[in-house]
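Right, one structure below, let's go through it.
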Amino acid sequence: QVQFVESGGGLVQPGGSLRLSCAVSRSIFSIDVMGWYRQAPGKPRELVASSPRYGSRYYVDSVTGRFTITRDAAANTVYLQMSNLKPEDTAVYYCNSNPPNSMTWGQGTQVTVSS
């Protein structure tokens, strides 16, 4: 069963940047669509960005123009470059396929945006 290991989170000031990494235990070429999700306290998990093997990437409106998802097939890694971070971006960030496999959620990585 595929495993996802997220890293790269941390505490950052508003307006700052972070790059999240998702290490995938098998070839990401075998996964049609990869996604980054986040869950803020008291809120349901939401899809933030997704990247198909071929075709256009998707971003939720609140991050469009600030976040970029990329796939590195050679490294079996998916990245989420986040810039101009806002306090409302504070959440635990996860990667998974899209649609997600409920059996393969990782631990996530905490992103906290605060001054």
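Starting from the Cα of S115, step 7 Å toward the Cβ, then list every residue of segment 58-88 with an amide N under 12 Å from that point. Hits in segment 58-88 for S115 at 12 Å: 87. Net length available on complete extension from W105 to Q1 is 36.3 nm, with 0.36 nm assigned per residue and the Cα-Cα distance removed. Please report how far the C-alpha centroid of segment 67-96 lies from that of segment 1-20, rounded to the nearest whole angstrom. So the two Cα centres are separated by 6 Å. For segment 12-71, taking the reciprocal of the average inverse distance between every pair of different Cα atoms yields a Kirkwood hydrodynamic radius of 13.1 Å.
Within the shell of other residues whose beta carbon sits under 11 angstrom from the beta carbon of Q110, the net charge comes to 0, with Lys and Arg scored +1 and Asp and Glu -1. Element breakdown for the chain at a 1.4 angstrom probe: carbon and sulfur atoms account for 49% of the accessible area. When the Cα convex hull of the chain is projected onto planes of every orientation, the mean area is 6.6 nm².
Inter-label distance, S62 to Q39: 1.5 nm, where each label sits 7 Å from its Cα along the C-beta direction.
Report the local net charge at G8: Lys and Arg +1, Asp and Glu -1, summed over other residues whose C-beta lies under 15 Å from its C-beta.
-1
Of all DSSP bridge pairs formed entirely within the chain, close to 90 percent run antiparallel. Taking Cβ atoms as reference points and 15 Å as the exclusive limit, the residues near R53 contribute a net charge of +1, counting Lys and Arg as +1 and Asp and Glu as -1. Average accessible surface for the chain: 53 Å² per residue, computed with a 1.4 Å probe over protein heavy atoms with every protein chain in place.
The values are calculated or read from the model by the stated rules, or taken from the named source; none is laboratory data. Note that the coordinates shown come from a computational prediction; the quantities given were computed from them, not determined experimentally. Positions of Cβ are generated from backbone atoms using ideal geometry, with glycine treated the same way; all protein chains shown enter the neighbour counts. We work out accessible area using only protein heavy atoms, side chains counted, and drop any ligands, DNA or RNA first. Shrake-Rupley method; radii C 1.70, N 1.55, O 1.52, S 1.80 Å.
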